[in-house]
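Novice: Before I ask anything, here is the structure I am working with.
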2 protein chains.
Amino acid sequence: MSTVKTDQNAVEKRLVIVGVGLIGGSLGLALRAAGFQGEIVGAGRDAGRLQQAVDCGAIDRFDTDVCAAVSNASMVLLAVPMGTMRSMMALIASTLPEDAIITDAGSVKSSFAADATAVFADSLHRVVPGHPIAGSENSGIEAAREELFQQRRVILTPLAESSDDDVQRVKHLWQLSGAQVHCLPLEKHDAALAASSHLPHFLSFALVDMFAAQTNKDDIFKFAAGGFRDFTRIAASDPVMWRDVALANREAVVNVLDDYVDSLASFREQLLKGDGEGIQQMFTRAREARRNWAELVEGRAVDEADAHTE
Amino acid sequence: MSTVKTDQNAVEKRLVIVGVGLIGGSLGLALRAAGFQGEIVGAGRDAGRLQQAVDCGAIDRFDTDVCAAVSNASMVLLAVPMGTMRSMMALIASTLPEDAIITDAGSVKSSFAADATAVFADSLHRVVPGHPIAGSENSGIEAAREELFQQRRVILTPLAESSDDDVQRVKHLWQLSGAQVHCLPLEKHDAALAASSHLPHFLSFALVDMFAAQTNKDDIFKFAAGGFRDFTRIAASDPVMWRDVALANREAVVNVLDDYVDSLASFREQLLKGDGEGIQQMFTRAREARRNWAELVEGRAVDEADAHTE
């Protein structure tokens, strides 16, 4: 870890974070706590929130003029919604130093790569797409915390053109924040996250919206309990951010959605046939896979693995 | 509350709980803590677990011969899987005192009513179907706790034949345990719970099972995080209990599942058309409904209402 810090401190003179919310703010806090010695500059539209980020120590200073903010950056992290990535890159292209690395924190990598290619076609060697798989129940700088990336994963999806040195610098930055960094081809990232993250969000939104349109919606909501609460927690997420994710990753999402609708059709068949054995087998396979996941990823005993009675 | 206790203590001489797991055990603990003075008898197959229930104070004694256990009951609570309700009632019919109330804790009320009607056609006045909407991450007597029903809802779905006095006695018992008791026609119960509880469980099982069959399942599970964790927590539930719920409530489940699949088809259309506005409207309606629910049911500020970034 001390080697990482040395490398990092030697190389990264000035990190500019565009969009200092939960992710950007937490990164700033984590880097400071880990001894990062470069300057950390925030950029965005809302001076009040950026001042909050200064006050809590996430950034050293800020500029609401993004072009000015990035003008002497050694690395720029774009932590804005997917739908504004391209216009943000177009905006900063003229003032960004030639040797500054461009990385991001967006949930869809093919989309970011396309946006970066459209703007920086001639200097893609310095573009390193990234995605910290971390979140919290809250958003914004007020939710930022230095431990957010501890034991969480960050996926980098380097382009064919990305320079190895630049990939290493982005990797080191995230490692310094406490994250485990993985490299993955961007198609693989987008297909995996379409399933594990994007689809559950859309399913949850769609379920709650469908309930709200039912004639017995009052009964449904009145008697909803713990299963509903957890299943639909993510339906309270930010509509704009997730709209952008849906549009940016639509191909992979449609693929896995189609598989899911096929699964639901099979389950419906089993129900109508009264195929208890088939249903129990499916539920058992799912429970097994869910328990294995909990052991694998969360590294803990599955105390949540038993029956819910509702 | 003291009136309730008095009524209860005056009337319920001997409550027999068939199936002393999370629900039955918690009810025993809650009643004891609330000053219930009747005898609480456990019945089931596993003497070791029933002894555990005695040791923790959930029941006073037990009998692994269910017929013997119920022979001098004033009320019997059946807390067994839906699929075994009918055979259990048939088993105890010969020894059950004529004036003993029969109630249950099953998740589907039309099914229990049909089972009770098949067995007790001549004495339906003493049948009071009930459903405590409470659970925990764990099952079994070791997970039982006296606060389980505090601020939780119990729905009673009296039959046309159910005697008002018997309904009141069951109501008082659950109130004594700390629950809010509601009466609802059983069709309304089954339709509401098919949506708020049953469907989310089946959707969660189906999603995890579908993921486990994907060619990129290793990537999917490896990079799954908090959204997936909460969405699929209920996929680790007991397959037998939920198989029984699925079969017992299949008609209501298919109805709401069909509406859901229609919603997913609309979302798929929006995705393919790139209809960002429509998608954002749907997500926004869902977030609004989810926030309203959290305020209504959980009576707390929605600190989970903001964006998740994954």
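Please treat every number below as a calculation from the coordinates, not as lab data. This one's a predicted model, so the numbers in the text were calculated from it and none came from an experiment. Cβ sites come from the backbone with ideal geometry, for glycine too, and all protein chains shown count toward neighbours.
Novice: Could you state the number of Å between the C-alpha centres of segment A:32-82 and segment B:193-254?
Specialist: Their Cα centres are 41 Å away from one another.
Novice: Which value, in nm² and rounded to one decimal, describes the direction-averaged projected area of the C-alpha convex hull of the protein assembly as shown? Let's see the in-between values first.
Specialist: On the way: hull surface 113.8 nm².
Over all viewing directions, the protein assembly as shown projects a mean Cα-hull area of 28.5 nm².
Novice: At 222 nm, what helix-only mean residue ellipticity would chain A give, in deg cm²/dmol to the nearest 500, using -39500 (n - 2.57) for each DSSP H run of four or more?
Specialist: Working: 14 runs with 158 residues, N = 310.
Using -39500 (n - 2.57) per qualifying helix, the result is -15500 deg cm²/dmol.
Novice: Once you keep just the Cα pairs under 8 angstrom separated by 6 or more residues, what percentage relative contact order results for segment A:189-274? List each step's numbers first, then the result.
Specialist: Working: 34 pairs, mean separation 40.9, N = 86.
Relative contact order for segment A:189-274 comes out at 48 percent.
Novice: 7 Å along Cα→Cβ for the label point: how many nanometres lie between B:GLU295 and each equivalent label in the other copies, listed shortest first?
Specialist: Its label point is 4.5 nm from the equivalent points in the other copies.
Novice: Would you mind computing, in nm to one decimal, how far apart the modelled labels at B:GLN180 and B:GLN168 are, each placed 7 Å from Cα along Cα→Cβ?
Specialist: Simple spin-label model gives 2.3 nm for this pair.
Novice: Non-local amide H neighbours of B:ILE101 (under 5 Å, H modeled in plane, Pro and chain starts lacking H): which ones?
Specialist: Those qualifying (amide H under 5 Å, at least 5 residues apart or on another chain) are B:MET75, B:VAL76.
Novice: Here's something else I'd like to know. Suppose a student asked you for the relative contact order of chain A, using Cα pairs under 8 Å spaced at least 6 residues apart; what percent would you report? Can you show the working numbers first?
Specialist: Numbers: 485 pairs, mean separation 49.1, N = 310.
Relative CO of chain A lands at 16 percent.
Novice: Set the Förster distance to 25 Å, then compute FRET efficiency between A:ALA114 and A:GLN151 from the Cβ-Cβ distance, nearest 0.05. The partial results should precede the final answer.
Specialist: Numbers: r = 31 Å, r/R0 = 1.25.
Approximately 0.20, to the nearest 0.05.
Novice: Distances in nm, one decimal, shortest first, from A:ASP46 to the same residue in every other copy, taking the label point 7 angstrom along Cα→Cβ.
Specialist: 5.1
Novice: Under a Cβ-Cβ cut-off of 11 Å, what is the net charge of the residues other than B:LEU184 that fall near it, where Lys and Arg count +1 and Asp and Glu count -1?
Specialist: On the way: positive: A:LYS222, B:LYS109, B:ARG153, B:LYS188; negative: A:ASP219, B:GLU187, B:ASP190.
For residues surrounding B:LEU184, the net value is +1.
Novice: Show the residues, 5+ positions off or on another chain, whose built amide H is closer than 5 Å to the amide H of B:ARG145.
Specialist: Close amide H contacts, sequence-distant or interchain: B:SER26.
Novice: Can you compute the label reach from A:VAL297? Point 7 Å from Cα along the Cβ direction, backbone N cut-off under 16 Å, restricted to segment A:168-183.
Specialist: Within reach of a label on A:VAL297: A:180-182.
Novice: Now, a different point. If we hang a label 7 Å off Cα along the beta carbon direction at B:ASN72, how far is it from the matching labels on the other copies, in nm, shortest first?
Specialist: With the label placed 7 Å along Cα→Cβ, B:ASN72 yields 9.2 nm.
Novice: Could you give me the ³J(HN,Hα) list for segment B:230-244, computed from phi with Karplus coefficients 6.51, -1.76, 1.60 and θ = phi - 60°, whole Hz, x at Gly and Pro?
Specialist: Values per residue, Gly and Pro as x: 6, 4, 10, 3, 6, 6, 9, 6, 5, x, 6, 4, 7, 4, 4 Hz.
Novice: Hey, another quick one. Restricting the count to DSSP beta bridges whose residues both fall in segment A:2-184, what percent are antiparallel, rounded to a multiple of 5? Each step should come with its number before you reach the end.
Specialist: Details: 4 of 26 bridges.
Taking every DSSP beta bridge with both residues in segment A:2-184, the antiparallel ones total about 15 percent.
Novice: Treat each spin label as a single point 7 Å out from the Cα along the C-beta direction, and report the B:ARG45 to A:GLU161 distance in nm.
Specialist: Calculated label separation equals 6.7 nm.
Novice: What are the extents of the Cα atoms of segment B:1-103 along their three principal axes, in Å, largest first?
Specialist: If we take the Cα atoms of segment B:1-103, the spans are 38, 30, 22 Å.
Novice: Just from the alpha-carbon atoms, what are the Rg and Dmax of segment B:189-274 in angstroms?
Specialist: In Å, with Rg to one decimal and Dmax whole: 14.6, 42.
Novice: So what's the net charge close to A:ALA47: Lys and Arg +1, Asp and Glu -1, counting the other residues with Cβ under 13 Å from its Cβ? Walk me through the numbers on the way to the answer.
Specialist: Numbers: positive: A:ARG45, A:ARG49, A:ARG61; negative: A:ASP46, A:ASP55, A:ASP63, A:ASP65.
That works out to -1.
Novice: Return, for the Cα atoms of segment B:2-184, the radius of gyration and Dmax in Å, separated by a comma.
Specialist: Calculated on Cα positions, Rg and Dmax stand at 14.5, 40 Å.
Novice: Between B and A, which B residue has the Cβ nearest their rotation axis, distance in Å?
Specialist: Axis relating chain B to chain A; nearest Cβ residue and distance: B:ASP230, 2.
Novice: Another question, if that's okay. Take every Cα-Cα pair in segment A:74-134 and report what % of them are more than 13 Å apart.
Specialist: Result for the distance tail: 55 percent.
Novice: For A:SER110, what charge total do you get from the other residues with a beta carbon under 14 Å from its beta carbon, if Lys and Arg give +1 and Asp and Glu give -1? The partial results should precede the final answer.
Specialist: On the way: positive: A:ARG86, A:LYS109, A:LYS188, A:ARG250; negative: A:ASP104, A:ASP115, A:GLU187, A:ASP190, A:ASP244, A:GLU251.
So the surrounding residues net to -2.
Novice: Taking Cα atoms, how many degrees apart are the long axis of helix B:199-212 and the longest axis of chain B, rounded to 10 and kept between 0 and 90?
Specialist: Roughly 60 degrees, rounded to the nearest 10.
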